[in-house]
Amino acid sequence: MSDTMTPLIQQDWNAFHPWRVGAVRHRVFEDPLLQMDSLLALGRRLEAAGQLLGIDKASTAGTTFTTSRADVEGLEKIGENKGWAILRYVQNDPIYRKLVDGVLDSVRPQLEQKDPGMHYRAGFIFVSAQHSVTPFHFDVEHNFILQMHGRKRLYVWDPDDLVVASEQARNRFHYDRNRDLLVWREEFRERAHVFDLEPGQGAYMPSTSPHMVETGPGLSITMSFTYFTRGTRRDALLHKLHYMAQRAHIEMPAVGRHPHLDDLTEGAATAAAGVRRLVRRLTGHPISRTDPPYAGVIQS
C-alpha cells in the first residue's frame, strides 16, 4: 500500500463530480489487512474501545438504522448467522490508519482538483453474513465503498433526489443526525443506481446519498473510506441553517436552488462563527479545529 502516486481507486477522474454517484474499481482487496484473521485481531482491539458494533439479524430495508455493541465471538461466527458487524473508525488503530491514509492519499490529488479540503478521514469495515440487509439510510460523509470479499447488491440514490429524501429530511439530518424523516418505500428501487459488487469493484457515494445493501449467498467484507471536504462542510452548514429557519417559521428555498442566496447565507454564518471563535480565544477558552484530519474519538 506504499505506492501513493498511482490511485488505488480507479475511475474516469476527468469525469468525476463530487456530487454524483458513480462506479469505481480498486485493488485494495489484495491487502492482507482485509483477510478475516487480521480483521478478528482488529476486532479484539476495537471491542475494547467500544468500536465493534452489530445490527439486528432481522433487519430489512425499512428497519430503523440502529446498531449495538458487539463482540469478537459474534464477529468470528457471523458467517454462520444472519446480520452484520461493523468495525468502526479503524483509522484510530495505528495499523489500519496506514491503510486508510494509503488509499485516500492515492486519490487525493485527483479529488483536490474538484473537491478540495479533504479532512475528517475515517475507515469502516463491514463483515456481513449471507442474505443480510443494511437498512435504507444516509450518512454525512463522502464515501468510497469498496468490496473486498464475497458479493453484495448496493442501491444508491442521488443526493439531490427529493422524492427519496426530502429537503426537510436532509435539513433535519444535518442539524442533529436524526433520520426519522427518511422513510423507505419499495418503489424507490426503481430510482436507484444499482451496483452488483464483487472484489475489486465499488462505488462512490456523495454525502447524504441514500443507500441500502443486500448481501449474496456467502460472507461479504466491504470497506468504506470516508471524508469531509470544504464542499460537504458548506452543504451541511446550509442545511442546518435551513432547518433552524424552518423552526422559526421562515421558508427557505432548497439548498442549491438559488446559489447567490446560499453564498449570502454561508457568508453571514461564517462571519458569526468567526466572531464566536474570537471571543473564545480572547477569553481564554479552548478552540477546537474545524477541519480535524481524522474522525472518531482520537485526533492528532
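Between 71, 12, 101, 31, which is at negative phi and at pLDDT below 95?
Checking each option against the conditions leaves just 71.
Hey, can you tell me all the residues within segment 159-178 that are over 14 Å from residue 235 (Cβ atoms), touching a residue at least 12 places away in the same chain (Cβ under 8 Å) and surrounded by fewer than 20 Cβ atoms within 10 Å (Cβ to Cβ)?
Selection gives 161, 162, 163, 166, 168, 177.
Can you find a residue in segment 239-250 that is of a type in the set (Val, Ile, Thr), at pLDDT below 95 and surrounded by fewer than 22 Cβ atoms within 10 Å (Cβ to Cβ)?
yes
Only one of 227, 155, 204 is part of a strand (DSSP E or B), hydroxyl-bearing (Ser, Thr, Tyr) and touching a Gly at 6+ places or on another chain (Cβ under 6 Å); which?
Only one candidate passes the filter, namely 204.
Tell me the strands (runs of 3 or more DSSP E) entirely within segment 1-91 that contain at least 3 residues that are over 23 Å from the mean Cα position of the chain (by Cα) and surrounded by 15 or more Cβ atoms within 10 Å (Cβ to Cβ).
Strands (runs of 3 or more DSSP E) meeting the threshold: none at all.
So, in segment 234-256, exactly how many residues are among the basic types (Lys, Arg) and under 26 Å from the mean Cα position of the chain (by Cα)?
2
The values are calculated or read from the model by the stated rules, or taken from the named source; none is laboratory data. Please read all numbers here as calculations on a predicted model, not as lab measurements. Because the Cβ atoms are built from the backbone with ideal geometry, glycine has one as well, and the counts that use them run over all protein chains shown.
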